[in-house]
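Encoded as structure tokens, the structure appears first; notes follow it.
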Amino acid sequence: MKRITDNIKDPKTKKFFENVVNETPQTEQISAEQFLEGVSKITDNMEKVADMAREDTARRLMGDIPEAISLSYIAKTYFGKSRAWLMQKVNGNTVNGKKAAFTPSESKQMREALQDLSKKLSRAASAF
């Protein structure tokens, strides 16, 4: 996995921020401009790392759910989309040159869909 300092090109600035990340005593002095550039680069990488984590997490969190319940039902009922659309998001497939991933609002919608299904399954289980 990439380090959040990987896209900092200036060696002095990179060393400064690696010391910050590693919580080691500071040996480098950098200008305010270098500091702001470093912060910008780290922020960009943190967003990329967070996106990668969200993509990976969706598939791992789903576990064997796709085999146990109808993702077609979830896609149609809760998203108004096709099963293929949902599976692309879950699996992080590349679509039109971009990795498919849940947006924050889609993640919330998926969470609510699974919670709703959980309630329905619990009611059905209680009826037996």
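Where a number appears in this text, it was derived from the coordinates with a stated rule and is not lab data. In this text the structure is predicted, and so the values were computed from the model without any measurement. Cβ coordinates were reconstructed from backbone atoms using ideal geometry, including for glycine residues, and neighbour counts include every protein chain displayed.
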- May I ask you to derive the relative contact order of the chain, considering only C-alpha pairs under 8 Å and at least 6 residues apart, and to give it as an integer percent? 17 percent
- Roughly how many nanometres apart are two label points built 7 Å out from the Cα toward the Cβ at K98 and A84? 1.9 nm
- Given +1 on the Cβ of Lys and Arg, -1 on the Cβ of Asp and Glu, and no further charges, what dipole in debye does segment 57-128 carry about its Cα centre, rounded to the nearest 20? 160 debye
- Among (1) 13.8, 49; (2) 21.2, 70; (3) 15.2, 57, the entry derived from the coordinates for Rg and Dmax of the Cα atoms in Å: (2)
- Over 21 Å between Cα atoms, which of K81/K108; K14/K41; K12/K48; K14/K98 qualify? K12/K48; K14/K98
